[in-house]
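Down below is the structure, laid out as structure tokens.
The values are calculated or read from the model by the stated rules, or taken from the named source; none is laboratory data. Being a predicted model, the structure only gives us computed values, none of them experimental. Please note: Cβ atoms are built from the backbone with ideal geometry, for glycine as well, and neighbour counts cover all protein chains shown. Remember, those area values only see protein heavy atoms, side chains included, never the ligands or the DNA or RNA. Shrake-Rupley method; radii C 1.70, N 1.55, O 1.52, S 1.80 Å.
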Amino acid sequence: MIIILLYGRCGINNIIFREFEKGEDLSKIQELFKSCYGQKPLAKGGKFPSLDELKWRYCSYLESKIFVAEDIRKGILVGIRPIIFKKIKVRDEILNAAHFMDVMVHPEYRRRGIFTNLMKIAENYIKENNIFLCYAFPNPNSYQSYHKATDWKVAGFFEVFITTKILIKIFCPRIYIKDIKIEEISRFTDDINLFFKHNYQENYVYILRDPKYLNWRYLERPDIKYKILAIREKEKLSGYIVTTLKNKYNLSFYLIAEMFISSHSAIFYHLINLLKKEKANVIFFFNYENETYKNLLKRSGFLKLPSLFEIRKFPVLIKILDKDLEKYILGEKRLLISLGDNDAI
């Protein structure tokens, strides 16, 4: 499929808008990453992914569509609008969802309508293919573009919580919970299905998390390594925590990419004991409008980072193509989101 748009008044002559074909050279996308984000690779804290990383994102377990803008005179990609298709759980239904990710426009081609045209092409595809929910985690530049050029809505923002080993040892209750065990796992298994069924199925809308999806997301990724901790009570799975060690801003810290647990604040004390031999002394958690977690974090020695000190806002944008679903998600605050739902983390 090739869509050609030549708008002289917008300054985008010689630009074609098309679908990136299966089997096409992924290094073309990699070069666009370099132009937008610099030469520091993802594995070293940058935003320049390896070719294996791009294959993992776009050519492995999940179906994807990639719409691009190409300067046919220079033979380079100057814009990209990838979509990854996922499943969402809504009560007892499983519906189609689309994660809009990695949108980029080459620095030398911005303010020419490329973002807007890529969004129109992508949204037309969505409307024709039975997608109920679209979501995105835009950076500040993309957020402004969404705000100006689309009808997407802000579902909410992540709040940043921070703690140290010392704070948790002081404030987290040293409660011994009989038969609780925290262990590092190398694969997710079928007990994850029972955990979500018993804890979240009735009242929330969330990205379907089955073993195949979670193993792809966290254990098959080439450029980022995760530590997955399973929490068991009397051998029954009662939650899990996914962390990754980051080095940024001259600081080595653990980022909790995803956390789903039943309740116990003492879990955090056990978590710190497991991490105390590691290099990092700081842990960050991004909480998305979960009051239970917010109270649990505060009781466990986590401090909410004041907005004054936040490096940037972390919004969740959504577009819902079903009015009843929109009312259920936005009106009743039923959306269950983790930082790990953003594949950039």
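Structure notes:
- Criterion: open to solvent by 30 Å² or more (accessible area, probe 1.4 Å), modelled with pLDDT of 90 or more and more than 26 Å from K246 (Cα to Cα) - qualifying residue of K55, K28: K28
- Within the range 60-74, residues that are under 28 Å from N96 (Cβ atoms) have Cβ atoms under 6 Å from residues that are open to solvent by less than 80 Å² (accessible area, probe 1.4 Å) and not in a strand (DSSP E or B) in these pairs: Y61/W216; S64/Y58; I66/F20; F67/L118; F67/I121; F67/A122; V68/F20; A69/I114, counting only partners at least 6 apart in sequence or on another chain.
- Of all residues in the range 185-205 being at pLDDT below 90 and not in a helix (DSSP H, G or I), the one that is farthest from the chain's Cα centre (by Cα): E202
- Among the residues of the range 63-76, not a single one is buried (at least 20 other Cβ atoms within 10 Å of the Cβ), among the charged types (D, E, K, R), at pLDDT 90 or above and under 22 Å from L321 (Cβ atoms).
- Test: I168 is at pLDDT below 90, open to solvent by less than 30 Å² (accessible area, probe 1.4 Å) and in a strand (DSSP E or B): no
- Among all residues of the range 143-150, there is none that is part of a strand (DSSP E or B), at pLDDT 85 or above and more than 24 Å from E53 (Cα to Cα).
- Any hit, the range 218-225, residues being in a helix (DSSP H, G or I), open to solvent by 40 Å² or more (accessible area, probe 1.4 Å), modelled with pLDDT under 85 and under 25 Å from I283 (Cα atoms): no
- Every residue from the range 122-140 that is open to solvent by 40 Å² or more (accessible area, probe 1.4 Å) and more than 17 Å from the chain's Cα centre (by Cα): N124, Y125, K127, E128, N129, N130, F132
- When the criteria are applied in full, D92 fails the requirement of being under 20 Å from P315 (Cβ atoms), acidic (D, E) and modelled with pLDDT under 95.
- Residues of the range 94-121 that are free of Cβ contacts under 8 Å to residues at least 60 places away in the same chain, buried (at least 21 other Cβ atoms within 10 Å of the Cβ) and in a helix (DSSP H, G or I): F115 alone.
- Close pairs (6 angstrom Cβ cut-off, 6 or more residues apart or separate chains): touching a residue at least 12 places away in the same chain (Cβ under 8 Å) and farther than 19 Å from L167 by Cα in the range 287-300, of a type outside the set (D, E, K, R) and surrounded by fewer than 18 Cβ atoms within 10 Å (Cβ to Cβ) anywhere: E289/G156
- Each residue in the range 38-52 was checked for being over 26 Å from A97 (Cβ atoms), modelled with pLDDT of 85 or more and in a helix (DSSP H, G or I), and 1 of them qualify.
- Cβ separations smaller than 8 Å between residues 6+ apart or across chains give the following pairs from the range 317-345 residues that are in a loop (DSSP other than H, G, I, E, B) to residues that are crowded, with 16+ Cβ neighbours inside 10 Å and polar (S, T, N, Q): I345/T244.
- Scope the range 38-52; condition out of contact with any strand residue (DSSP E or B) (no Cβ under 9 Å at 6 or more places or on another chain) and open to solvent by less than 30 Å² (accessible area, probe 1.4 Å); matching residues: G46
- S252 vs. criteria open to solvent by 10 Å² or more (accessible area, probe 1.4 Å), of a type in the set (G, A, S) and modelled with pLDDT of 85 or more: no
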